[in-house]
Each structure stands twice: as C-alpha cells, then as structure tokens.
Amino acid sequence: MQVICDTMTWKNCIAQYIDYTKGISVPPPPPIILISANAEWRAVKPHFPHAPIQHSPYGEFFQANLPSPSDALCSEVIFLHGGWGKISAAATAQFAIDRWQPDLLINLGTCGGFSGRVERGTIILAEKTIVYDIIEQMSDAQTAIDDYTTHIDLSWLPERLPHPVLRTVLVSADRDLLVEDLPNLITRYHAVAGDWESGAIAYVAVHNQVRLLILRGVTDLVGSHGGDAYGNWDFYQQATNEIMGELLQALPDWLATARSKT
C-alpha cells in the first residue's frame with residue numbers, strides 16, 4: 001500500500017491508503033490518542049484552540065493533524081477524553097476501537113512515582129500493567145490479579161526509540177497510591193509508579209489486538225513522607241501541564257515511528 005499526502009495543510013494533508021485491488025483510495029484509520037484524567041484533558045485542549053470539540057457518550061473528542069518531523073506526511077489523529085478510573089478507561093477504549101477501528105491506540109497521561117525508585121519528570125513506557133486493587137477472599141487473590149495483568153506487545157517498536165523512556169510495569173488501582181502499599185508493590189511487582197487507568201486500557205486494547213502505547217510522565221512522588229501532590233491540587237495540575245506538554249511535543253515522533261512499522 002502507498003501513502004499519499006500532498007501538502008501540510010489541514011484540508012488536504014490526509015494520508016490515504018491506495019487499494020490497488022479495488023482501485024479506490026480509502027482514508028487510513030486514525031490513531032486514537034486517549035487522555036484519561038480531567039486534569040490531563042484540561043492540559044491538552046489549550047494546545048489545539050481551533051479544533052472543533054465533538055461529544056461521545058463518555059465525553060469530548062476532537063480531530064487534529066500533526067505534522068511529521070521528518071517528511072512531507074502528516075498524521076490525522078483523534079484525541080478522546082477517556083475519563084478517570086478503570087470503568088471509564090475501559091468503556092472509552094472499547095468505544096474508540098469500535099467506532100474508529102484504529103491500528104494504534106496511544107494513552108498519554110501522568111502517574112505517581114515511588115520515591116527513591118524513579119524521578120519526577122520520567123516518562124514511562126508501559127510494558128506490562130497490573131490491576132492490584134482486587135480483593136478476593138473466597139479463593140486465591142493473586143490468581144484474580146494475574147487475570148487482569150496485561151503484557152503489552154511492543155515488538156514492533158525499533159530498538160532505538162524516538163525519545164528517552166523508562167520501559168517498565170505500571171500498577172493501576174481506583175485510588176491514589178497508599179504509602180502502606182508501596183513495599184508490597186515493590187517486592188511483588190517491581191513497580192516504580194502507579195496510576196488509575198493503564199491496566200484497564202491495556203486489557204481492552206490487547207484483547208482487541210490493537211497496537212498500544214502507554215506513555216505516562218511522573219508528576220509526583222509518594223513515599224514515607226506521604227505524597228508530593230496529596231492535599232495540593234495546584235501542584236498536581238501544574239506538574240500535569242508540564243508533563244502533557246512534553247508528551248504532546250514528542251507525539252509526532254512516536255506517530256512517525258509507528259507509521260514506519262505498519
């Protein structure tokens with residue numbers, strides 16, 4: 001298949017696949033950029049002030065064209081507000097896959113780091129996700145957790161990635177990190193950071209056989225001192241603005257990497 005993109009304008013910079021069998025051109029499925037938390041979505045929208053906002057059953061979305069850093073092609077993408085927590089994350093991930101049938105789903109967001117194991121500002125590329133807040137008292141609790149542990153296939157990525165990242169596991173729960181949970185999360189899962197949504201998004205994407213990138217930046221640290229952002233919303237929002245800005249700046253490079261591997 002051949003990709004055509006005439007110029008770098010909004011109107012006609014739309015990549016097209018050429019179906020030689022049928023002799024017709026069809027638009028490629030757009031990558032979906034899934035943004036979970038409300039604070040993350042608030043940080044993203046100002047970067048696209050002229051994008052018309054549309055509405056899904058779960059929240060807002062908009063289309064945008066992102067220029068490629070290295071050639072005349074550009075990427076049409078859809079930014080979708082997924083909502084916070086595992087329920088919203090799973091629902092919107094499945095909604096996006098059913099509606100747009102993307103070849104690639106990217107989750108950009110934030111996470112809390114474990115003090116002493118990772119630095120603030122580190123960008124994590126999730127290789128595995130674990131949903132750890134499952135309490136099973138009738139049988140083996142670990143078996144239930146294992147059922148919602150997802151290994152993300154990143155074999156399509158090149159050895160040399162476009163930006164520095166820490167490839168590791170992300171642990172997910174419908175709650176902020178608790179100081180008393182950290183020793184077990186470190187010992188049992190070798191975790192360095194946690195969030196609310198990655199486990200649900202990964203579970204849905206892998207079961208639908210959709211390529212997935214989860215890129216999350218560490219906004220704050222949790223340790224024996226408590227949490228940097230706990231009780232300090234302004235701190236978290238400012239850190240989120242910085243992380244999301246960095247992830248958006250790097251996004252065209254990740255899309256170019258994904259496109260080169262299709």
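Applying the selection to segment 75-125, what residues are free of Cβ contacts under 8 Å to residues at least 12 places away in the same chain and on the phi > 0 side of the Ramachandran plot?
none
Give segment 48-60 a look and list any residue that's in a loop (DSSP other than H, G, I, E, B) and closer than 22 Å to Ile87 by Cβ, or say none.
Matches in segment 48-60: Ser56, Pro57, Tyr58, Gly59.
Looking at Arg188, Arg216, Arg175 in this structure, which one is touching a strand residue (DSSP E or B) at 6+ places or on another chain (Cβ under 6 Å) and among the basic types (Lys, Arg)?
Of Arg188, Arg216, Arg175, the one residue that is touching a strand residue (DSSP E or B) at 6+ places or on another chain (Cβ under 6 Å) and among the basic types (Lys, Arg) is Arg216.
Looking at Gly82, Gly116, can you tell me which residue is modelled with pLDDT under 95, over 22 Å from Asp253 (Cβ atoms) and out of contact with any Ser or Thr (no Cβ under 8 Å at 6 or more places or on another chain)?
The match here is Gly116.
Quick check on my filter: what residues within segment 124-159 are part of a loop (DSSP other than H, G, I, E, B) and of a type in the set (Asp, Glu)?
Of everything in segment 124-159, those that are part of a loop (DSSP other than H, G, I, E, B) and of a type in the set (Asp, Glu) turn out to be Asp133, Glu136, Asp140, Asp153, Glu159.
Is there a residue being out of contact with any Lys or Arg (no Cβ under 9 Å at 6 or more places or on another chain), small (Gly, Ala, Ser), part of a loop (DSSP other than H, G, I, E, B) and buried (at least 21 other Cβ atoms within 10 Å of the Cβ) anywhere in segment 37-47?
Looking for residues that are out of contact with any Lys or Arg (no Cβ under 9 Å at 6 or more places or on another chain), small (Gly, Ala, Ser), part of a loop (DSSP other than H, G, I, E, B) and buried (at least 21 other Cβ atoms within 10 Å of the Cβ), one finds at least one in segment 37-47, hence yes.
Just for segment 102-123: of the residues that are under 17 Å from the mean Cα position of the chain (by Cα) and in a loop (DSSP other than H, G, I, E, B), which one is surrounded by the most Cβ atoms within 10 Å (Cβ to Cβ)?
Ranking the qualifying residues of segment 102-123, first place goes to Pro102.
Which residue is nearest to the chain's Cα centre (by Cα), if the candidates are limited to segment 219-239 and must be in a strand (DSSP E or B) and not aliphatic (A, V, I, L, M)?
Thr219
Checking Gly83 against (1) in a loop (DSSP other than H, G, I, E, B); (2) of a type outside the set (Val, Ile, Thr); (3) more than 18 Å from the chain's Cα centre (by Cα), only one condition comes out false. Which one?
(3)
State yes or no: is Ile53 β-branched (Val, Ile, Thr) and within 23 Å of Gln209 (Cβ to Cβ)?
So Ile53 fails the test.
Those residues that are closer than 22 Å to Ser155 by Cβ, touching a residue at least 12 places away in the same chain (Cβ under 8 Å) and part of a loop (DSSP other than H, G, I, E, B), I need them from segment 175-218; list them, please.
Matches in segment 175-218: His190, Asn208, Val210.
Would you be able to say whether some residue in segment 33-43 is on the phi < 0 side of the Ramachandran plot and more than 17 Å from the chain's Cα centre (by Cα)?
Within segment 33-43, none of the residues are on the phi < 0 side of the Ramachandran plot and more than 17 Å from the chain's Cα centre (by Cα).
The values are calculated or read from the model by the stated rules, or taken from the named source; none is laboratory data. On a predicted model such as this, the values are computed, not experimentally measured, just so you know. All Cβ positions, glycine included, derive from the backbone under ideal geometry; neighbour counts span all protein chains shown.
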